[in-house]
1. Taking the criterion of being at pLDDT below 90, part of a helix (DSSP H, G or I) and more than 26 Å from the chain's Cα centre (by Cα), would at least one residue in region 141-162 satisfy it?
2. Among the residues of region 17-30, is any modelled with pLDDT under 90, touching a Phe, Trp or Tyr at 6+ places or on another chain (Cβ under 8 Å) and surrounded by fewer than 18 Cβ atoms within 10 Å (Cβ to Cβ)?
3. Name the residue, out of Asp133, Asp86, Asp95, Asp59, that is among the charged types (D, E, K, R) and under 16 Å from the mean Cα position of the chain (by Cα).
4. Quick one: Ala52 ticks every box in (1) at pLDDT below 95; (2) buried (at least 17 other Cβ atoms within 10 Å of the Cβ) except a single one, so which number is it?
5. Checking Asp128 against (1) out of contact with any strand residue (DSSP E or B) (no Cβ under 9 Å at 6 or more places or on another chain); (2) over 23 Å from Gly147 (Cα atoms); (3) buried (at least 19 other Cβ atoms within 10 Å of the Cβ), which single condition isn't satisfied?
6. Is there a residue in region 117-125 that is touching a residue at least 12 places away in the same chain (Cβ under 8 Å), of a type outside the set (Ser, Thr, Tyr) and either over 27 Å from Asp46 (Cα atoms) or assigned to a helix (DSSP H, G or I) (or both)?
7. Quick one: how many residues across region 140-182 are closer than 13 Å to Asp192 by Cβ, surrounded by 15 or more Cβ atoms within 10 Å (Cβ to Cβ) and in contact (Cβ under 8 Å) with a residue 60 or more places away in the chain?
8. I'm checking my understanding of the structure. Among residues of region 103-125 that are more than 17 Å from Val67 (Cα to Cα) and more than 24 Å from the chain's Cα centre (by Cα), which one is surrounded by the most Cβ atoms within 10 Å (Cβ to Cβ)?
Amino acid sequence: MKLKHTLKTLAAALLIATAPPTFAAPASQSAPAQKKVISAFATPDDAAMALAAAVRAQDAKALLAVVGPDSGSWLFSGDSVADRADWQKFLAAYDEKHGISKQADGHAELVVGDDDWSFPAPLVHREDGWVFDAAAGREEIISRRIGRNELDTIQTLLAIVDAQRDYAADDLDGNGFNDYARRFVSTKGKRDGLFWPV
């Protein structure tokens, strides 16, 4: 029984690890064409409030004006339903708790929710006020995606280790020794891999 459960976990982990990444695609179709306008704010708090107001209004133009016209590629996925759901989660976290975290290098970060999730684009101070750094936001999105992929890979490898231990403990080839499987999928009609049809 334990082996069957571990194999199901392994199969699920392999599917997750090999699935194509769901990185936000450029929003050329979902976000309206914009002039290169970015808003500057007197304080980081003002910038955070403007972001929340634009999200609450579901206004793509306002979002691009607040975060920056170059942010469309990571603010919008191209799937309006998924975007709406993501922004609703953001608003729920923002309404739950929000604040500004000042960093040693002078930039500030908007943090929301009980887990203090930081908005990807930091706030930087320019001579005209505080603005979201859209380029840094894009880089942060990429870094977070890589981090998630690395964690998924680690979980996949841990599932493989569990499956190998279960396989070795059951002596499925009947030779009296605790062997590890040499393949993921068994040869047809055999149980010489970590998975076989039932």
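The values are calculated or read from the model by the stated rules, or taken from the named source; none is laboratory data. It should be emphasised that the depicted structure is a prediction, and the values quoted were computed from it without experimental measurement. Positions of Cβ are backbone-derived with ideal geometry, glycine not excepted, and every protein chain shown enters the neighbour counts.
1. no
2. Within region 17-30, one or more residues are modelled with pLDDT under 90, touching a Phe, Trp or Tyr at 6+ places or on another chain (Cβ under 8 Å) and surrounded by fewer than 18 Cβ atoms within 10 Å (Cβ to Cβ).
3. Asp86
4. Status for Ala52: all satisfied but (1).
5. Tallying (1) out of contact with any strand residue (DSSP E or B) (no Cβ under 9 Å at 6 or more places or on another chain); (2) over 23 Å from Gly147 (Cα atoms); (3) buried (at least 19 other Cβ atoms within 10 Å of the Cβ), Asp128 fails exactly one: (3).
6. Going residue by residue through region 117-125, those that are touching a residue at least 12 places away in the same chain (Cβ under 8 Å) are 117-125.
Imposing the further condition that a residue be of a type outside the set (Ser, Thr, Tyr) reduces the set to 117, 119-125.
Next, from what is left, pick out any that are either over 27 Å from Asp46 (Cα atoms) or assigned to a helix (DSSP H, G or I) (or both): none.
Within region 117-125, not a single residue is touching a residue at least 12 places away in the same chain (Cβ under 8 Å), of a type outside the set (Ser, Thr, Tyr) and either over 27 Å from Asp46 (Cα atoms) or assigned to a helix (DSSP H, G or I) (or both).
7. Final tally of qualifying residues: 1.
8. Top of the filtered list is Gly106.
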